[in-house]
Amino acid sequence: MDVLLIEDQPVVSEATTDKISRDARVGIIEICNTADQALQALRWQPERWGLIFLDLDVPGAVGLSLAMEIKRLGKAPITCILTGSQRPDYIAQIEAEGFLGYILKAMEVDALVRALDAALAGNRVFPAMSCPGADVPRLTVRQTQCLQLVSEGKSSKQIAQILSLHAGTVNYHIDSAMDAWG
């Protein structure tokens, strides 16, 4: 099978290529350094690829944008995220969207090799934290409201007026929510 590796860090792409090229199932490995290059390769020869390894943080991609474009092209089942971004929300969404896996580059070397081998074998591979809600703190309604208004650029005083609270209470809710996130 031909493998598309979407990775902009030469050291990572070289090490990954070295590892996966040893697998007898792997044919040609093509490396794309940007989102545009990757999409061009996928659109030019859509049936060529047996497996795609995708780093989320390549030039031209923001968050899960490239992953979702790959899903729109029908390639989620053969795409394994290989990234340094350890975000439980991303992991849960990628798993729910039917991707092959989500491998963290920061894993112990042996665990990383096992995860790559599992993906090469076509097995789904996700970190244990991928369960929806894992490692995500539960916030109160007031904490959530306060954080939402902060994200909209509102000051504590403005939030207090909107929610009919004292500014000190608003600050307490914001501090408590931030503490919950560690």
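Within the set K19/K75; K105/K154; K75/K154, which residue pairs have Cα atoms separated by over 29 Å? Intermediate results must be reported in sequence, preceding the final value.
Details: K19/K75 23 Å; K105/K154 37 Å; K75/K154 41 Å.
In this structure, K105/K154; K75/K154 exceed 29 Å between Cα atoms.
Could you tell me what percent of the accessible area of the range 53-182 is made up of carbon and sulfur, with a 1.4 Å probe and every protein chain present?
Numbers: 3810 of 7040 Å².
For the range 53-182, the apolar C and S fraction of the accessible surface comes to 54 percent.
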**Projected label distance in nm at R87 and R43, using a 7 Å step from Cα toward the beta-carbon** = 2.5 nm
**Item:** 1.4 Å probe accessible area per residue over the chain, in Å²
**Value:** 54 Å²
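In terms of the Cα gyration tensor, with a ≥ b ≥ c the square roots of its eigenvalues, is the range 63-160 rounded because a/c is under 1.5, prolate because a/b exceeds b/c, or oblate?
Since a/c reaches 1.5 and a/b is larger than b/c, the shape of the range 63-160 is classed as prolate.
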**Item:** Full-extension gain in nm, S151 to D36, via 0.36 nm per residue minus C-alpha separation
**Value:** 38.3 nm
**Prompt:** So how much accessible area does R114 have, in Å² to the nearest 10, using a 1.4 Å probe?
**Reply:** 150 Å²
**Cα gyration tensor category, rounded, prolate or oblate, for the range 12-63 with a/c compared to 1.5** = oblate
**Request:** With a 1.4 Å probe and every protein chain left in place, tell me how much accessible area V125 has, in Å² to the nearest 10.
**Result:** 30 Å²
**Item:** Fluctuation leader among Q143, Q40, Q161 - the chain, Gaussian network, Cα springs under 10 angstrom
**Value:** Q161
**Complete:** Full extension between V109 and R138 adds, at 0.36 nm per residue less the Cα distance, a length in nm of 7.2 nm
**Item:** Stretch gain in nm, segment H166-D2, where the contour uses 0.36 nm per residue and the Cα spacing is subtracted
**Value:** 52.9 nm
**Prompt:** If the convex hull of the alpha-carbon atoms of the chain is projected onto planes in all directions, what is the mean projected area in square nanometres?
**Reply:** 11.8 nm²
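The values are calculated or read from the model by the stated rules, or taken from the named source; none is laboratory data. Quick caveat: nothing in here was measured; it's all calculated off a predicted structure. With ideal geometry, Cβ positions are generated from the backbone for all residues, glycine too; neighbour counts draw on all protein chains shown. SASA here: full protein model, heavy atoms, side chains in, ligands and nucleic acids out. Shrake-Rupley method; radii C 1.70, N 1.55, O 1.52, S 1.80 Å.
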